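Visitor: I'd like to ask you about the structure that follows.
The values are calculated or read from the model by the stated rules, or taken from the named source; none is laboratory data. None of these values were measured; they are calculated from a predicted model. Neighbour counts run over all protein chains shown; Cβ positions are idealised from the backbone, glycine included. Just the protein is used for accessible areas: all its heavy atoms, side chains included, with ligands, DNA and RNA removed. Shrake-Rupley method; radii C 1.70, N 1.55, O 1.52, S 1.80 Å.
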Amino acid sequence: MKLFFIFVALILLLQVYLGHSVINSAANSPANIDEESDLVAIDKKHHYHHKKINCGYACSRRCRKSSRKNVCHRACKTCCSRCHCVPPGTYGNKQLCPCYASLRTHGNKLKCP
């Protein structure tokens, strides 16, 4: 009788363990939406699109202290539309948006303000 209860307890523990691993693997699958991720999966074929960002607002915030606001705003909007992110603040912090920091002009100068 004791052996029967031990056997049932082992089966229940195994079910809990397998159920937990299945739930974790489903939560980490690419078909689920991750709040911190840049990309959101649309379907099982792994078609991705970027989260929407309000480039006008983000670039206005970024360029508000610039001496050449129109030039800054135009370059920032181009970079934002390509990278889908703008670093916080009015200067620096480009390590938070690597794509934004890596774009260059034809003269090999940094494009994004």
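Visitor: Limited to the range 95-113, what total is found for residues that are within 16 Å of Cys63 (Cβ to Cβ) and open to solvent by 50 Å² or more (accessible area, probe 1.4 Å)?
Guide: Total meeting the criteria: 2.
Visitor: For the range 55-113, what are the residues that are touching a Ser or Thr at 6+ places or on another chain (Cβ under 7 Å) and in contact (Cβ under 8 Å) with a residue 40 or more places away in the chain?
Guide: Arg62, Cys72, Pro113
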